[in-house]
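The values are calculated or read from the model by the stated rules, or taken from the named source; none is laboratory data. Here the structure is a predicted model, which means the values were calculated and not measured. In this analysis, Cβ positions are derived from the backbone assuming ideal geometry, glycine residues included, and neighbour counts consider all displayed protein chains.
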Amino acid sequence: MTTNLSDGFENIADSTVYGLFMSPVGRYTNKQHEEHKTIILEYIQSLSEVKNEPRPFISRGITQMGPDNVLEVPQLAPIKEMIIDAVTKTNASAFQYNLPEIVIADSYLELADKQSMYAPHEHSNVIYSGTYFINFDITKHALLKFRRNTASPHYPIFQLTHTAQNAFNQLDCEVPYNEGDVIIHPPNLQHGYEQNLNPNRISLSFNIAPF
Ligand SMILES: [Fe+2]
């Protein structure tokens with residue numbers, strides 16, 4: 001057998017770009033979603049009072065169903081257990097914090113109406129943030145988006161015209177998901193959604209405490 005070896009160096013790449021410091025975003029599919037959705041919808045129907053516009057500085061058209069830290073409601077115990085499993089599995093492939101137990105710092109069940117929105121925001125003093133999509137249709141409801149933080153404490157950042165969009169210059173992006181999925185991400189990764197065009201987008205957001 002003859003092997004043809006090139007005697008020229010012109011085809012050898014002389015430029016390489018490495019991507020550093022990736023952000024982990026976990027997607028966990030809840031296999032018991034239908035059962036859990038029924039529990040949550042029954043819980044919502046049993047509520048006599050709800051809170052309208054609970055976070056007016058960053059959102060519009062939102063109704064909070066139930067109290068702060070709603071996952072402490074005994075009726076929602078199976079959902080809390082599922083969220084803990086989702087965080088445990090995501091952590092195992094993400095930051096790999098050595099956590100003796102998963103502690104939920106706060107959790108909110110939210111109903112987003114037609115024309116609702118959530119401005120890009122972050123959470124502090126927690127180690128993971130996440131959202132469980134309970135009633136969600138990707139063709140009708142606003143998608144959760146993540147936004148690059150372009151601020152720098154030391155040097156200015158330039159936004160010039162790009163010749164193409166890629167992982168290094170895009171300003172916002174999303175991960176694929178459907179109803180029944182839990183998306184888990186670093187709390188300081190800016191997140192939110194643009195105008196939601198249809199009613200009844202129901203989700204449960206939560207934050208995980210460091211201890
Ligand atoms: Fe959030």
- State whether the residues of segment 105-119 include one that is modelled with pLDDT of 95 or more, within 11 Å of the ligand (Cβ to nearest atom), hydrophobic (A, V, I, L, M, F, W, C) and part of a strand (DSSP E or B). yes
- Item | Residue pairs meeting the criteria (Cβ under 9 Å; at least 6 apart or on separate chains; first closer than 10 Å to Arg148 by Cα, in segment 169-193; second among the hydrophobic types (A, V, I, L, M, F, W, C) and not in a strand (DSSP E or B)) | Cys173/Ala167; Leu189/Val25; His191/Leu144
- Message: Based on this model, can you work out whether Asn169 counts as modelled with pLDDT under 95, polar (S, T, N, Q) and within 16 Å of the ligand (Cβ to nearest atom)?
- Response: no
- Is it fair to say Ala86 is within 17 Å of the chain's Cα centre (by Cα), small (Gly, Ala, Ser), outside any strand (DSSP E or B) and at negative phi? yes
- For Gln165, work out the one condition from (1) farther than 26 Å from Phe95 by Cα; (2) buried (at least 21 other Cβ atoms within 10 Å of the Cβ) it doesn't fulfil. (2)
- So which pairs qualify, if the first residue must be in segment 198-211 and within 17 Å of Ile39 (Cα to Cα) and assigned to a strand (DSSP E or B), the second must be within 16 Å of the ligand (Cβ to nearest atom) and among the hydroxyl-bearing types (Ser, Thr, Tyr), the Cβ gap must be under 6 Å, and the two must be at least 6 apart or on different chains? Ser203/Thr131; Leu204/Tyr132; Ser205/Tyr108; Ser205/Thr131
- Enumerate the pairs (first residue in segment 10-31 and under 30 Å from Asn178 (Cα atoms); second residue anywhere and among the basic types (Lys, Arg)) with beta-carbon separation below 7 Å, excluding pairs fewer than 6 apart on the same chain, so at least 6 apart or on different chains. Tyr28/Lys89
- Which condition breaks for Ile79 when tested against (1) within 16 Å of the ligand (Cβ to nearest atom); (2) buried (at least 19 other Cβ atoms within 10 Å of the Cβ)? (1)
- Would you mention how many residues in segment 126-144 are within 13 Å of the ligand (Cβ to nearest atom), touching a Pro at 6+ places or on another chain (Cβ under 8 Å) and either of a type outside the set (Gly, Ala, Ser) or at pLDDT below 95 (or both)? 2
- Query: Looking at Gly192, is it among the small types (Gly, Ala, Ser), surrounded by 13 or more Cβ atoms within 10 Å (Cβ to Cβ) and under 20 Å from Pro78 (Cβ atoms)?
  - Reply: no
- Task: Please determine, by comparing only the residues of segment 32-54 that are more than 21 Å from Pro176 (Cα to Cα) and touching a strand residue (DSSP E or B) at 6+ places or on another chain (Cβ under 7 Å), which one is surrounded by the most Cβ atoms within 10 Å (Cβ to Cβ).
- Result: Ile40
- Message: Just checking, does segment 82-104 include any residue being within 16 Å of the ligand (Cβ to nearest atom), over 18 Å from Leu144 (Cβ atoms) and modelled with pLDDT of 95 or more?
- Response: yes
